[in-house]
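Everything below concerns the one structure shown next.
Nothing in this text is a laboratory measurement; each read-out follows from the coordinates by a stated rule. All values reported here derive from a predicted model rather than from experimental measurement. Every residue, glycine among them, receives a Cβ derived from its backbone with ideal geometry; neighbour counts consider all protein chains shown.
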Amino acid sequence: MASPGTDVVTGAFGFTGRHITERLLEAGRTVKTLTGRPQLWGTASDPFGGQVEAIPLDFDRPEALAGVLRGVDTLYNTYWVRFANGPVTFERAVENSRGLVRAATEAGVRRLVHISITNPSAESHLPYFRGKALVEEAIQGSGLSYAIVRPALVFGEGDILLNNVAWALRRFPFFPVAGDGHYRTQPVYVGDLAELAISAAGEPENKTFDAVGPETYTFDELVLLMEKHVGSRARLAHMPQSLALSLSRIVGYFVRDVVLTRDELVGLTANLLVSTEPPRATTRFSEWLEANGAKLGAAYASEMDRHYRMRPRGLLGN
Ligand SMILES: NC(=O)c1ccc[n+]([C@@H]2O[C@H](COP(=O)([O-])OP(=O)(O)OC[C@H]3O[C@@H](n4cnc5c(N)ncnc54)[C@H](OP(=O)(O)O)[C@@H]3O)[C@@H](O)[C@H]2O)c1
């Protein structure tokens with residue numbers, strides 16, 4: 001059983017989870033992580049130098065999950081999958097998430113802070129957005145005290161998507177843009193997202209809210225701004241969605257990764273990564289880019305390396 005001041009973060013070695021964990025440690029909390037990569041604990045790749053106990057996020061062992069969560073103050077849940085891959089389907093990810101919520105309920109976790117996404121919908125034809133809505137419903141019906149935080153596109157140290165946009169801008173003479181490029185997004189800084197999540201842990205009421213940054217960009221504007229800061233002269237090439245997706249698959253073949261998913265592209269072009277709520281995050285993407293553009297995209301960030309090739313057998317989340 002954990003001590004009363006212990007929080008658990010799923011995915012502390014990942015992107016959002018890492019930033020949440022850093023801030024919890026700075027605040028003097030004891031943090032454990034449930035992760036698909038427990039083998040990183042205490043190695044040179046452990047960002048916390050062994051301070052954060054790493055326990056396998058093994059959905060096949062719900063009693064063990066409940067055991068880890070017993071006595072825990074807040075569970076910060078970042079678990080989700082970007083795309084279906086073999087046995088790791090969105091349906092499976094929903095079931096896994098429901099299992100985690102059940103384990104947290106059974107263990108009597110004081111508060112669940114869950115990272116979702118802007119505009120999830122159980123009616124969506126996009127499995128990513130539909131799955132996110134189903135998980136939210138499971139949390140809302142669980143009886144747990146909860147906060148659901150819905151970020152749009154997240155930027156910051158350790159991200160994959162925008163890093164790889166910058167990587168492509170540095171390497172290719174043109175950048176494929178699906179459609180007219182006029183659809184919008186409100187990028188949110190991962191540090192702000194982490195702070196909003198931690199602050200929501202301390203609030204008494206159940207709440208669901210968007211976490212978006214103060215600047216709204218059309219996709220064209222976003223890419224052009226990134227070009228300026230990474231020193232690219234690539235031309236924007238507007239094309240049908242299907243062609244943009246096909247080109248991303250060709251690049252994916254060479255880097256042995258899934259560069260962009262259909263759900264991400266369709267969600268973006270359908271304006272699902274913008275909010276109707278006032279922005280809660282304060283860091284401006286433009287200012288962050290000015291400070292970090294020189295190194296953004298210098299190396300490709302691989303989803304497959306991070307979440308499949310490094311995962312021990314049996315922890316595929318399937
Ligand atoms: N990044 C964005 O732009 C963005 C935008 C909107 C919403 N979100 C949401 O924010 C949350 C955190 O996203 P993130 O980008 O920070 O993710 P992340 O760190 O890459 O992954 C978060 C968690 O999911 C687990 N995971 C990822 N892929 C998996 C797979 N294929 N099989 C099993 N487990 C897997 C990770 O496992 P490990 O423990 O092995 O790291 C980690 O526990 C997610 O719920 C995501 O949907 C992200």
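List of remarks:
- Partner lysines whose Cα lies under 27 Å from the Cα of K295, excluding those fewer than 8 positions away in the same chain, are identified as K228.
- Lysines whose Cα lies under 27 Å from that of K207, excluding same-chain neighbours fewer than 8 positions away: K32, K132
- Within-13-Å neighbourhood charge of R18 [Cβ basis; K, R +1; D, E -1]: -2
- Here the sum of -39500 (n - 2.57) over DSSP H runs of 4 or more residues, divided by the residues of the chain, equals -11500 deg cm²/dmol at 222 nm, to the nearest 500.
- Span from the region 199-274 Cα centroid across to the region 129-172 one, whole angstrom: 11
- Relative to the longest principal axis of the Cα atoms of the chain, helix 241-255 runs at roughly 70 degrees.
- 0 to 90° range, to nearest 10: angle between helix 16-26 axis and the chain longest Cα axis: 50
- Theoretical gain in end-to-end length, R23 to S246 [0.36 nm per residue, Cα-Cα removed]: 76.3 nm
- Residue exposure sequence - L289, L161, L34 - by fewest surrounding Cβ within 10 Å: L161, L289, L34
- Cβ-based exposure ranking for F254, F219, F13, in which fewest neighbours within 10 Å come first: F254, F219, F13
- Label-point gap, in nm, between E63 and F254 - each point 7 angstrom along Cα→Cβ: 5.2
- Counting only DSSP beta bridges whose two residues both lie in the chain, roughly 10 percent are antiparallel.
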